[in-house]
Structure formats: C-alpha cells, structure tokens
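The values are calculated or read from the model by the stated rules, or taken from the named source; none is laboratory data. Because the structure is predicted, anything quoted here is derived from the model rather than measured. Glycine also receives a Cβ, built like all others from the backbone with ideal geometry; neighbour counts cover every protein chain displayed.
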Amino acid sequence: MQRPPKYARIERERRFLVDRFPNADVAVRRSIKDRYIDGTLLRLREQTDDSGRTIYKLTQKVASRGSGAQQGWITTIYLTESEFRLLTQLPARTLSKIRYSVPPFGIDVFEGALYGLRLAEAEFHSAAEAEALNVPDFLLREVTNDERFTGGQLVCASRPDVESWLAGHGIRRCGGS
C-alpha cells in the first residue's frame, strides 16, 4: 500500500444498489450538489439539510484499494460560502442527489440524467467493522468494487451508460429491479 497523503485518512466504505427504500426512519435528509473539478481528484460539495443549513466542502480522494472496503485516502476541508463560490468558477462536471441518512447507510437518490438511480453506502472505521456489516434485504447488489458506481465515474456517465451497467447486475431500469 502506498504512503498516505499528509492529513488524509483511510476511506472504508461499502456501496450497494438499492432495491427499495427501507421501512425505517430517516435521521437526516440532505440535498447534495457535487462538482468534480476537471483534470483533478477534487470534489467540491454543497450540502443543504432540511433545516436549511448549508455546508461547503472540498475533498480529495486518492484511490488506493486495499483489502475489503478500503477505497483509498480521503482529505476534506470545510469552506466558507465565498471560498466555495470562487472555486465553482473552475471547470467541472456536476452531480445532484438527495441523501437520506438511515444509519448505518446513506441512501443516495440521484437527480438529473441519473434520475432514479439509488445507491446506499456505509462507512467504517475498520476493516473488521466493514466485514461485519449485516446487509439488509432492501439492498439489491453490492457494487463496492465496481468503479462505475463511484461519484467520479457517475458524473461522466449518461443515462444509457448507467442503464447498461445496471443491466449487467440484472436490473432493467434505474430505481428498481
């Protein structure tokens, strides 16, 4: 495994295609707009919760697959709104989604060209914790190791691309089986 970038932490997460929304209480609902800055590993995020509170983040993700759920290294800094607005002038591709927090999962329902695509992800502090995850029946297929279902790839995908990827997992259309 490569040496971590300074200030980065290991990112461990498992991702799943969602069959149906779970019959569970939603702890938090957030509207997320991601801008993947062209030619970089940087993501600019504007995240607004139901109370109207908005946070702005700049994140770098460096892929470094490890065993199990290890995706790589992640570094995040929080921005002021003016810093965020300045950085939005950089060329980028955008992705919009609504994230429902249903612990331990964040369930993303995509908007725009990817309308109807639903992915759930869970983050972990250790490999053992990731391995011990009890996968509930509202999840259809695990796609943790399918790079196509990462934000950096989805932002470049068309609806026909995603429909084709889903078909490869036995799903006929976005948002269902």
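Annotation for the stretch 58-81: at least one member residue is exposed (fewer than 14 other Cβ atoms within 10 Å of the Cβ), in a loop (DSSP other than H, G, I, E, B) and of a type in the set (D, E, K, R). Inside the stretch 137-149, residues that are within 25 Å of Ala24 (Cα to Cα) and surrounded by 14 or more Cβ atoms within 10 Å (Cβ to Cβ) make up a count of 8.
Taken over the stretch 102-121, the criterion of being of a type in the set (Gly, Ala, Ser) and in contact (Cβ under 8 Å) with a residue 24 or more places away in the chain is satisfied by Ala113, Gly116, Ala120. Return the residues of the stretch 98-114 that are outside any strand (DSSP E or B) and touching a strand residue (DSSP E or B) at 6+ places or on another chain (Cβ under 8 Å); say none if nothing qualifies. Answer for the stretch 98-114, where residues must be outside any strand (DSSP E or B) and touching a strand residue (DSSP E or B) at 6+ places or on another chain (Cβ under 8 Å): Pro104, Glu111, Gly112, Leu114. Applying a threshold of 7 Å to beta carbon distances and a minimum spacing of six or more residues, or different chains, the list of pairs starting in the stretch 49-67 at a residue that is among the polar types (S, T, N, Q) and ending at one that is at pLDDT below 80 reads Ser64/Met1; Ser64/Gln2; Ser64/Gly72. Being exposed (fewer than 15 other Cβ atoms within 10 Å of the Cβ), hydroxyl-bearing (Ser, Thr, Tyr) and in contact with a helix residue (DSSP H, G or I) (Cβ under 8 Å, 6 or more places away or on another chain) holds for only one residue in Ser126, Ser158, Ser164, and it is Ser158. Among (1) surrounded by fewer than 14 Cβ atoms within 10 Å (Cβ to Cβ); (2) more than 18 Å from Leu87 (Cα to Cα), there is one condition Asp38 misses while meeting the rest; what is its number? Just one mismatch for Asp38, condition (2). Of the conditions (1) in contact with a Phe, Trp or Tyr (Cβ under 8 Å, 6 or more places away or on another chain); (2) touching a residue at least 24 places away in the same chain (Cβ under 8 Å); (3) of a type outside the set (Asp, Glu), Ala27 satisfies every one except a single condition; which number is it? Among (1) in contact with a Phe, Trp or Tyr (Cβ under 8 Å, 6 or more places away or on another chain); (2) touching a residue at least 24 places away in the same chain (Cβ under 8 Å); (3) of a type outside the set (Asp, Glu), the lone unmet condition for Ala27 is (1).
For the stretch 18-35, the condition of being closer than 18 Å to Glu147 by Cα, of a type in the set (S, T, N, Q) and in a strand (DSSP E or B) holds for none of the residues.
Scanning the stretch 71-113 for residues that are more than 23 Å from Arg141 (Cβ to Cβ) and acidic (Asp, Glu) returns Glu81, Glu83.
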